Amino acid sequence: MRLRNNPKAYEIMEENADLVILKPEEHKGHYHDIFEINQPLYIEIGMGKGDFIYQNALKHPENNYIGIEKFPSVLAAAINKINKNQSLPNLKLMHFDAIELENVFENGEIDHLFLNFSDPWPKKRHAKRRLTSSAFLDVYRRLLKKDGVIEFKTDNRGLFEYSLQSVTENNYHLDYVSLDLHNSPEADDNIMTEYERKFSVNGPIYKMIISDCKE
């Protein structure tokens, strides 16, 4: 979900230091210090304009949420959008690239991870860039707490099939699978992303929930 470049994106981040984690490397291992209450930590990678992470934080005040977005202009749009709504003490945003997650999170620090409508990287030579590739799944395994959970949604059938095979080969447990989320019993509780609301009319939304049962 790319927007036209916003030359003031970094300025907007700086002006909203109460919402944006400006130096995430400094908080590695102790994110509980930046929230009012020490609660389970939920992370969304590629949060877009922030609707999904905001609605989750609003609905579940018992958890802390961090939305991660690598495109500064998209993050700036999310900041402006969130600022029009109620301020939430359990929500923070971060400008960062998922490929460097281990630089900003400690092993076993994350309770729950959301991967929503990630770039499918359809060419075979780009498979390692997919957020459900073996390399990323290994990183998540280290960063997630025992019994940590990953929720993955996509409208790309090819990426979903690849992801199902990848998580199975990497010994994750499939807790839930839906080939048509919006027409499933779980639809009423589904919080949609901006992308999901716009493009779900074009076909089904696929979802899986996986966990790594650590010894």
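At-a-glance table
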| quantity | calculated |
| --- | --- |
| Some residue of region 190-213 being at pLDDT below 95, surrounded by 15 or more Cβ atoms within 10 Å (Cβ to Cβ) and more than 18 Å from the chain's Cα centre (by Cα) | yes |
| Any chance Lys28 is modelled with pLDDT under 95, basic (Lys, Arg) and either out of contact with any helix residue (DSSP H, G or I) (no Cβ under 6 Å at 6 or more places or on another chain) or under 23 Å from Tyr140 (Cα atoms) (or both) | no |
| Selection count, region 97-117, where residues are under 13 Å from the mean Cα position of the chain (by Cα), at pLDDT 95 or above and in a loop (DSSP other than H, G, I, E, B) | 1 |
| Any hit, region 55-64, residues being surrounded by fewer than 21 Cβ atoms within 10 Å (Cβ to Cβ), hydrophobic (A, V, I, L, M, F, W, C) and not in a helix (DSSP H, G or I) | no |
| Evaluation of Gly50 against (1) farther than 28 Å from Gly148 by Cα; (2) within 19 Å of the chain's Cα centre (by Cα) (one fails), failing number | (1) |
| Residue ID - surrounded by the fewest Cβ atoms within 10 Å (Cβ to Cβ), chosen from residues in region 128-144 that are modelled with pLDDT of 95 or more, more than 16 Å from the chain's Cα centre (by Cα) and over 15 Å from His173 (Cα atoms) | Ala135 |
| Output for region 56-69, where each listed residue is of a type in the set (D, E, K, R) and within 13 Å of Val20 (Cα to Cα) | Glu69 |
| Ala17, sole failed condition from (1) small (Gly, Ala, Ser); (2) surrounded by 12 or more Cβ atoms within 10 Å (Cβ to Cβ); (3) out of contact with any Leu (no Cβ under 8 Å at 6 or more places or on another chain) | (2) |
| Matching residues in region 65-78 - criterion: being crowded, with 22+ Cβ neighbours inside 10 Å, touching a strand residue (DSSP E or B) at 6+ places or on another chain (Cβ under 7 Å) and not acidic (Asp, Glu) | Tyr65, Ile66, Gly67, Ile68, Leu75, Ala78 |
| Qualifying positions in region 187-199 - part of a helix (DSSP H, G or I) and in contact with a helix residue (DSSP H, G or I) (Cβ under 6 Å, 6 or more places away or on another chain) | Glu194 |
| Some residue of region 84-95 being hydroxyl-bearing (Ser, Thr, Tyr) and surrounded by 15 or more Cβ atoms within 10 Å (Cβ to Cβ) | no |
| Residue that is surrounded by the most Cβ atoms within 10 Å (Cβ to Cβ), among those in region 156-189 that are out of contact with any Leu (no Cβ under 8 Å at 6 or more places or on another chain) and of a type in the set (S, T, N, Q) | Ser163 |
| Test: Lys124 is surrounded by fewer than 16 Cβ atoms within 10 Å (Cβ to Cβ), under 15 Å from Val167 (Cα atoms) and basic (Lys, Arg) | no |
| Members of region 96-118 found to be without any contact (Cβ under 8 Å) to a residue 12 or more places away in the chain and surrounded by 14 or more Cβ atoms within 10 Å (Cβ to Cβ), listed by number | none |
| Where Leu174 falls short, out of the listed (1) part of a helix (DSSP H, G or I); (2) within 25 Å of Pro40 (Cα to Cα); (3) not charged (D, E, K, R) | (1) |
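The values are calculated or read from the model by the stated rules, or taken from the named source; none is laboratory data. Everything quoted here is computed from the prediction, not taken from an experiment. Here the Cβ is made from the backbone with ideal geometry for all residues, glycine too, and neighbour counts use every protein chain on show.
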